[in-house]
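Trainee: I'd like to ask you about the structure that follows.
The values are calculated or read from the model by the stated rules, or taken from the named source; none is laboratory data. None of the values given here were measured: they were computed from a predicted structure. Cβ placement follows ideal geometry from the backbone for every residue including glycine, while neighbour counts extend to all protein chains displayed.
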Ligand SMILES: Cc1cc2nc3c(=O)[nH]c(=O)nc-3n(C[C@H](O)[C@H](O)[C@H](O)COP(=O)(O)OP(=O)(O)OC[C@H]3O[C@@H](n4cnc5c(N)ncnc54)[C@H](O)[C@@H]3O)c2cc1C
């Protein structure tokens, strides 16, 4: 360790206590990683990257003192929640200090359909507190038990609940975020309503989220259902019709192509071999009617389990969204994935991808509300907008060139891809307001210390060697 880093370590120990400063071993390696290993491309690029130190402040005041010390030392600073991100968002590219925000986990209030919580609060804990007060989170990732509200905001996009409420960025889902700047004297900035989206999905490059206010939905008692059919098109027609029908109150609509269901080992006894499956979270009061409607269309219900309140496992959500890829990887480590949004002609797009890449792609579909109509009294439906068939298809990985070819063909036939095989935020998703995000970064991080290298279009990265100018020797 260099002299300046050793003195920063001493300063951080004095601020937080030695036990909250990690400077080596498996603990530091763990805090330098996330779930980037889903991607063979990111594995090649990020394996072995390590922070110099990791710290765990326990309050906003401690965070401010830590940020001040790191700012003065001029080191890279990487915010971290639960570390469940998939794109190496938490991985330090140039060493430096990981700041683990998991101890900033106070839930201040659940009031009037809004939760106000510190950024390190776990979504699973918030969901329990919200339900006790008659509410539930509008959308949560399938990692909801463990992941933090700040990490979801800065690294995620949507998930369970999005079939009704869209992604984090939809409508009025976010009320405000409070961001701490990275300066000699760190300040707090409160960004409200749609203005808060400047800090959304920016991988910790635009300040430390210290507090988040999210709007909630009235709570519903759910039933977990699994439907099954050997006929892909029959199941797809039924599932798509169900997703688009606002008469059904639902939190999850997911369909898997066989053999994906065979990867879900704990469900082996319940799922039928060689059949495709649809996983649903529906209002318990409607479960009977849903099962009857499916049966009338020739689709069988093979699993039915109420979701307890407060929620207790087993959760069928543990097989959906990007958990599906995890189950697949356990069976076949050569599998990887894409994140896709299909068009209204999604049936033709599936057929075209199967034709162009036979045996290389398996469809895992997730339905999301694209345009949401928010109703008085805190309900929502998609009647005013449209339903998007998205998904996280599995890909049998051959080479990086072949993966790029699949992504290129998707583009050609109108399938939108949020590329999960890059750690640079602009290459991974759509950021129509990237200029606003860059402007926020310039304001909160004038020295370019926050998660350097992740916002590719930000011109100032002090840790990247300046290329020699033309003609220089
Ligand atoms: C099995 C699996 C399933 C998943 N399913 C989904 C899904 O359904 N939907 C979805 O959107 N995502 C999903 N993800 C990705 C991820 O789990 C979620 O986005 C999750 O909410 C991230 O939260 P986290 O606390 O783990 O964040 P982290 O991974 O710790 O951080 C994510 C990013 O946010 C930054 N960050 C974290 N906290 C702060 C803060 N307080 N201030 C500033 N920056 C911060 C980090 O620097 C990093 O860039 C999945 C991942 C896995 C492994």
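Yes/no matrix, rows are residues, columns are (1) in contact with a helix residue (DSSP H, G or I) (Cβ under 8 Å, 6 or more places away or on another chain); (2) surrounded by fewer than 15 Cβ atoms within 10 Å (Cβ to Cβ):
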| site | (1), (2) |
| --- | --- |
| 206 | yes, no |
| 215 | no, no |
| 281 | yes, no |
| 292 | no, yes |
| 310 | yes, yes |
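Trainee: In the list 115, 75, which residue meets the criterion of being more than 12 Å from the ligand (Cβ to nearest atom), farther than 22 Å from residue 460 by Cα, at pLDDT 95 or above and buried (at least 19 other Cβ atoms within 10 Å of the Cβ)?
Mentor: Just one listed residue meets the conditions, 115.
Trainee: Do you know which residues across region 161-185 are over 11 Å from the mean Cα position of the chain (by Cα) and under 30 Å from residue 279 (Cα atoms)?
Mentor: Correct list: 161, 162, 163, 164, 165, 166, 169, 170, 171, 172, 173, 174.
Trainee: Next question, about the same structure. For region 193-202, how many residues meet the condition of being in a loop (DSSP other than H, G, I, E, B) and either more than 10 Å from the ligand (Cβ to nearest atom) or surrounded by fewer than 24 Cβ atoms within 10 Å (Cβ to Cβ) (or both)?
Mentor: The number of residues fulfilling the criteria is 2.
Trainee: Okay, moving on. Quick test of your reading of the structure: residue 151 fulfils all but one of (1) under 16 Å from residue 311 (Cβ atoms); (2) in a helix (DSSP H, G or I). Name the failing condition by number.
Mentor: Of the numbered conditions (1) under 16 Å from residue 311 (Cβ atoms); (2) in a helix (DSSP H, G or I), the odd one out for residue 151 is (1).
Trainee: Out of 104, 93, I need the residue that is within 11 Å of the ligand (Cβ to nearest atom) and either under 20 Å from the mean Cα position of the chain (by Cα) or assigned to a loop (DSSP other than H, G, I, E, B) (or both). Which one?
Mentor: 104
Trainee: Could you please tell me which pairs satisfy a Cβ distance under 8 Å, a separation of 6+ or placement on different chains, a first residue in region 149-162 that is closer than 19 Å to residue 128 by Cα and within 6 Å of the ligand (Cβ to nearest atom), and a second residue that is assigned to a helix (DSSP H, G or I) and at pLDDT 95 or above?
Mentor: 152/123
Trainee: Among the candidates 389, 409, single out the residue that is part of a strand (DSSP E or B) and at pLDDT 95 or above.
Mentor: Sole residue among the options that is part of a strand (DSSP E or B) and at pLDDT 95 or above: 389.
Trainee: Pick from 144, 135, 165: which is crowded, with 21+ Cβ neighbours inside 10 Å and more than 15 Å from the ligand (Cβ to nearest atom)?
Mentor: 135
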